[in-house]
Amino acid sequence: METQAKSIMSTELITIPPETRIEEALKILVNNKITGIPVVNPSGRLIGVLSEIDIIHQITKKKKLKPDDFNDQIAFTEKVQAIEESTQLSEILKLFTENQYRRLPVITKEGKLVGIITRRDIMRVLFYRARMGDA
């Protein structure tokens, strides 16, 4: 049986609500050394992802950046590729390599966020498999 997303995903998730301010999002990204954060509604349903590039785009639209601009609500990416827990590793690898994703949120059939797979998770599983002779 091939490895599924549920066995390689990270389940200790950092998430934010859509009303998060830019300054707070930046602190979360920097303090946790991550490049993106899933955006969820109050019931835990994935509604988007905020990435570093989303913030860069948002703040560089200003003619002259002021400290108050960081109090603006985040503008996140709403169209997000997500996978279900049962997605096979071969499909996950294909998605990462063909689309250059940095992360893939893992959701239930109802859209609730339950995990995330990052490039680092992929490297870890590939290294482990190589060490075990299962690559």
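The values are calculated or read from the model by the stated rules, or taken from the named source; none is laboratory data. Here the structure is a predicted model, which means the values were calculated and not measured. FYI the Cβ positions are ideal-geometry reconstructions off the backbone, even for glycines, and counts take in every protein chain you see. In case anyone asks, the SASA skips ligands and DNA or RNA and just uses the protein heavy atoms, side chains included. Shrake-Rupley method; radii C 1.70, N 1.55, O 1.52, S 1.80 Å.
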Study note, to complete from the structure: Of the residues in the range 83-135 that are surrounded by fewer than 18 Cβ atoms within 10 Å (Cβ to Cβ), small (G, A, S) and in contact with a strand residue (DSSP E or B) (Cβ under 6 Å, 6 or more places away or on another chain), the one that is nearest to L46 (Cα to Cα) is G111
Practice item. Would you check if T3 is of a type outside the set (A, V, I, L, M, F, W, C), open to solvent by less than 80 Å² (accessible area, probe 1.4 Å), modelled with pLDDT under 95 and closer than 21 Å to R119 by Cβ? Key: yes
Check your understanding: Across the range 55-79, what is the number of residues that are without any contact (Cβ under 8 Å) to a residue 40 or more places away in the chain and under 15 Å from P105 (Cβ atoms)?
Key -> 3
Review point. Counting only residues that are more than 16 Å from the chain's Cα centre (by Cα), under 25 Å from L95 (Cβ atoms) and in a helix (DSSP H, G or I), how many does the range 1-34 have?
Key: 1
Practice item. Determine the pairs where a residue that is under 13 Å from L46 (Cβ atoms), located within the range 6-20, has a partner that is of a type in the set (K, R) and open to solvent by less than 60 Å² (accessible area, probe 1.4 Å) with Cβ atoms under 9 Å apart, the partner being 6 or more residues away or on another chain. Key: none
Study note, to complete from the structure: Note on the range 57-82: residues surrounded by fewer than 11 Cβ atoms within 10 Å (Cβ to Cβ) and farther than 17 Å from R103 by Cβ are T60, K61, K62, K63, K64, K66, P67, D68
Exercise for review: Would you mention how many residues in the range 35-44 are assigned to a loop (DSSP other than H, G, I, E, B) and touching a strand residue (DSSP E or B) at 6+ places or on another chain (Cβ under 8 Å)?
Suggested key: 4
Exercise for review: Might you let me know whether the range 80-96 holds any residue that is within 23 Å of K27 (Cα to Cα) and among the charged types (D, E, K, R)?
Suggested key: no
Practice item. Identify the single condition in (1) assigned to a strand (DSSP E or B); (2) buried (at least 16 other Cβ atoms within 10 Å of the Cβ) that I47 does not satisfy, given that it satisfies every other one. Key: (2)
Review point. Which of (1) under 20 Å from Q4 (Cβ atoms); (2) in contact with a Leu (Cβ under 8 Å, 6 or more places away or on another chain) does I74 not meet, given it meets every other one?
Key: (1)
